[in-house]
């Protein structure tokens, strides 16, 4: 509180009984305000839990679960056929890729015919209009 907001009260003007009644009244108001604050905090916590909490579709403690819809999963017998070891392991010929040859691009372009084209511009065309 700022010093401007503080009121000075002369307590000698009031009797002991009046001061005790005022104290009791303020104590009751304080307790009620604390209870309202706790209630609002609990409501805030519950709203956050509802918004960001666990889904309501999950199992609740003590809830009975019936194995009706997962019968196919429970009754299914897995079919396991082991593949041959020869099929799984690649031979050295299949596993390694051929190495990349160096200079392939130059060899490919060397067979193409070369053509040199020269363009002659007049002095007017050499100047940019910008």
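The values are calculated or read from the model by the stated rules, or taken from the named source; none is laboratory data. Keep in mind the model is a prediction, meaning the values are calculated, not measured. When we count neighbours, we look across all protein chains shown, and the Cβ atoms used for this are built from the backbone with ideal geometry, even at glycine.
Condition first: part of a loop (DSSP other than H, G, I, E, B) and modelled with pLDDT under 75. Now tell me which residues in the stretch 84-97 satisfy that. Even if it seems obvious, please write down each step before you answer.
Here is the first cut: in the stretch 84-97, the residues part of a loop (DSSP other than H, G, I, E, B) are 84, 89-91, 96-97.
89, 90, 91, 96, 97 - these are the residues of the stretch 84-97 that are part of a loop (DSSP other than H, G, I, E, B) and modelled with pLDDT under 75.
Please tell me if residue 7 is modelled with pLDDT under 85 and within 43 Å of the chain's Cα centre (by Cα). Spell out how you get there, then give the answer.
Numbers: modelled with pLDDT under 85: yes; within 43 Å of the chain's Cα centre (by Cα): no.
The answer is no for residue 7.
Yes or no, residue by residue, for (1) in a helix (DSSP H, G or I); (2) exposed (fewer than 10 other Cβ atoms within 10 Å of the Cβ); (3) at pLDDT 75 or above:
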{"residue": "22", "(1), (2), (3)": "yes, no, yes"}
{"residue": "37", "(1), (2), (3)": "yes, no, yes"}
{"residue": "41", "(1), (2), (3)": "yes, no, yes"}
{"residue": "46", "(1), (2), (3)": "yes, no, yes"}
{"residue": "58", "(1), (2), (3)": "no, yes, no"}
{"residue": "64", "(1), (2), (3)": "no, yes, no"}
{"residue": "81", "(1), (2), (3)": "no, yes, yes"}
